Amino acid sequence: MALLNILKYPDPRLHKVAEPVTCFNEELSSLIRNMAETMYESKGIGLAATQVDIHQRIIVIDISEEKNSLITLVNPTLKNYSGLQEYDEGCLSVPGFFETVKRYDLVSIDYQDEHGQAKSLTADGLLSVCIQHEMDHLVGKVFVEKLSQLKQQRIKKKISKLLRSG
Ligand code: QAP
Ligand code: CO
């Protein structure tokens with residue numbers, strides 16, 4: 001197992017668009033294990049491959065208290081959505097910042113598991129927010145880009161200060 005380096009906003013590599021996974025092999029399983037380990041170690045509830053500079057459509061999520069309910073989404077596609085909700089979101093690529101974002105309430109997705117098996121999932125509440133947040137990463141979008149320009153500037157300045165001071 002290995003911990004992966006998480007890119008920090010505003011790293012331009014966070015804006016790359018991920019490619020679909022075509023090969024379901026041991027290398028993919030190993031990457032997924034390392035992504036999960038990196039997420040748990042960082043106290044996160046979701047991580048997209050884009051955030052570790054791997055530009056393939058892979059997401060790991062675990063919103064459980066016990067951290068024993070890993071959800072792996074490979075090649076997720078949004079099938080259906082309804083309603084709106086607001087949630088205070090954070091991101092492992094934007095450490096220390098939580099801001100309210102508006103997203104769909106209910107979402108249904110199709111995806112593949114780590115073996116390539118086709119699955120679908122309908123979610124609301126936090127899981128729905130997390131799925132939408134992580135799917136945004138796969139198309140190069142970071143949640144701060146949903147905030148006002150002023151808030152984005154403030155966040156960029158504070159993070160570059162933090163990165164400078166280590
Ligand atoms: C996305 O984000 C998410 O700033 C996943 O200091 C977050 O796991 C979706 C984290 C909230 C919905 C609601 C962020 C940990 C974790 C930080 C994360 C931090 C420590 C973020
Ligand atoms: Co994120």
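The values are calculated or read from the model by the stated rules, or taken from the named source; none is laboratory data. Keep in mind the model is a prediction, meaning the values are calculated, not measured. Because the Cβ atoms are built from the backbone with ideal geometry, glycine has one as well, and the counts that use them run over all protein chains shown. All accessible areas refer to the heavy atoms of the entire protein, side chains included, with ligands and DNA or RNA removed. Shrake-Rupley method; radii C 1.70, N 1.55, O 1.52, S 1.80 Å.
In the stretch 62-73, the residues that are on the phi < 0 side of the Ramachandran plot form Cβ pairs under 9 Å with partners that are charged (D, E, K, R) and in a loop (DSSP other than H, G, I, E, B), at six or more places apart or across chains, as follows: 68/62; 69/62; 70/62; 71/62; 72/113; 72/114; 73/57; 73/113. Of the numbered criteria (1) in a loop (DSSP other than H, G, I, E, B); (2) farther than 23 Å from residue 164 by Cα; (3) within 16 Å of ligand 2 (Cβ to nearest atom), the one residue 39 fails is (1). Would you call residue 120 more than 18 Å from residue 32 (Cα to Cα), open to solvent by 40 Å² or more (accessible area, probe 1.4 Å) and either away from ligand 1 (no atom under 11 Å from the Cβ) or acidic (Asp, Glu) (or both)? Judged against the criteria, residue 120 is a match.
If you go through the stretch 64-82 and pick out every residue that is part of a strand (DSSP E or B) and either open to solvent by 50 Å² or more (accessible area, probe 1.4 Å) or modelled with pLDDT under 95 (or both), you end up with 6. The criterion of being within 11 Å of ligand 2 (Cβ to nearest atom), part of a helix (DSSP H, G or I) and more than 29 Å from residue 23 (Cβ to Cβ) holds for residue 144.
Does any residue of the stretch 151-165 turn out to be open to solvent by less than 40 Å² (accessible area, probe 1.4 Å) and closer than 25 Å to residue 27 by Cβ?
Within the stretch 151-165, not a single residue is open to solvent by less than 40 Å² (accessible area, probe 1.4 Å) and closer than 25 Å to residue 27 by Cβ.
Looking at the stretch 28-46, is at least one residue charged (D, E, K, R) and over 16 Å from the mean Cα position of the chain (by Cα)? No; the residues of the stretch 28-46 include none that is charged (D, E, K, R) and over 16 Å from the mean Cα position of the chain (by Cα).
Kindly provide the set of residues from the stretch 34-51 that are within 11 Å of residue 137 (Cα to Cα) and away from ligand 1 (no atom under 12 Å from the Cβ), ordered by number. Selection gives 49, 50.
Residue-by-condition table, conditions (1) assigned to a strand (DSSP E or B); (2) within 16 Å of ligand 2 (Cβ to nearest atom); (3) in contact (Cβ under 8 Å) with a residue 24 or more places away in the chain:
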| residue | (1), (2), (3) |
| --- | --- |
| 88 | yes, yes, no |
| 96 | no, yes, yes |
| 100 | yes, yes, no |
| 103 | yes, yes, yes |
| 108 | yes, no, yes |
| 116 | no, no, yes |
| 130 | no, yes, yes |
